[in-house]
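Heads up, the thing below is written out as structure tokens.
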Amino acid sequence: MVLSRFALSLVLAGMFLGGCAKPPSQHETLMQPVDTTLTTASIAPATVSVRDQEMPRRIFSAGPLSGRTLAVASSADIVLQPGEVVLTFDDGPRPGRTDKILATLDEFGVKASFLMLGSAAQAQPRLAQQVAARGHTVGSHTFAHVDLETLGRQEALDEIAKGERAVAQALAGSGQAPAPFFRFPYLSQSGFLRTNLGQSGLVVLDVTIDSKDYYKDTPAIVAARTLARLDARGSGIILFHDIHQRTVDMLPDFLAELRLRGYSVVRLVPKDNGVFGRSLITADAPALSDAL
């Protein structure tokens, strides 16, 4: 009897362990985030695989998916109410992907924030202008998606400034200006850089819900994972990337599910007139000593 109880306990333990979520074994070879203690998107792993979770069909009261517009001058201004989400897309623009995402956002009547790479905006200025013309907020994400923690302080500031200038130049042809919004590549940052950006007027967009759409998962798994984390928090800033086909494919069903569950999408806009109304970080600033 004792032995049979022991054997039963081992079987039950194996069942619980077998249900634990495992991280994908393959990542995208380009622009994949790295783990860092400074990342603001740390999410506890689910105890049950998102493939097996039964999601509640209604979280909040039903209403329009398009929510309020929130004007911000600093990260502290981004205070979301339960049921509110912010959609953000990094690394674009990319032809064949960004334009399809724009069409889906139009279909659902919601606005997002696009944190563009300077190199991508420089290569696709018309697409960058199209994003802004559709009423979405355009910010920057460095020029070449470099992990800034691997650079010296002045090199990092130069990379940020180069990216911001490239995005501004890409938008200038249509009379649009980028918002003073910025996101760290790989969410890798330092106190020095964050403080410096804040003093320059840049608003750092943190991440509270990482969709991990850079993993080679199916669109359905990306959507389920993101919804599970959103339901657990009740609100948040969601990180997507407009360079992945899986993100293009999952977005219509994801937004439909958001609406079904009673969420609303908040549009972020700057309180000022963009980069031209503040002091820019300049690439020709005096060199900074690493001893600072």
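The values are calculated or read from the model by the stated rules, or taken from the named source; none is laboratory data. Since this is a predicted model, take the numbers as computed values, not measurements. Note that we place each Cβ from the backbone using ideal geometry, even for glycine, and neighbour counts take in every protein chain shown.
Listed values, structure above:
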read-out	value
Output for region 235-270, where each listed residue is buried (at least 20 other Cβ atoms within 10 Å of the Cβ), of a type in the set (Val, Ile, Thr) and either in contact with a strand residue (DSSP E or B) (Cβ under 6 Å, 6 or more places away or on another chain) or in a strand (DSSP E or B) (or both)	ILE237, ILE238, THR247, VAL265, VAL266
Number of the condition not met by ALA285 [criteria: (1) surrounded by 15 or more Cβ atoms within 10 Å (Cβ to Cβ); (2) touching a Leu at 6+ places or on another chain (Cβ under 7 Å); (3) modelled with pLDDT under 95]	(1)
Region 176-187: number of residues that are on the phi < 0 side of the Ramachandran plot and either modelled with pLDDT of 95 or more or surrounded by 21 or more Cβ atoms within 10 Å (Cβ to Cβ) (or both)	8
Test: residue in region 119-128 that is free of Cβ contacts under 8 Å to residues at least 24 places away in the same chain, out of contact with any helix residue (DSSP H, G or I) (no Cβ under 8 Å at 6 or more places or on another chain) and under 30 Å from GLN199 (Cβ atoms)	no
Failed item in (1) under 21 Å from VAL110 (Cα atoms); (2) in contact with a strand residue (DSSP E or B) (Cβ under 8 Å, 6 or more places away or on another chain); (3) not charged (D, E, K, R); (4) not in a loop (DSSP other than H, G, I, E, B), with GLY198 passing the rest	(1)
Top-ranked residue of region 201-234 - restricted to ones that are basic (Lys, Arg) and in a helix (DSSP H, G or I), ranked as surrounded by the fewest Cβ atoms within 10 Å (Cβ to Cβ)	ARG233
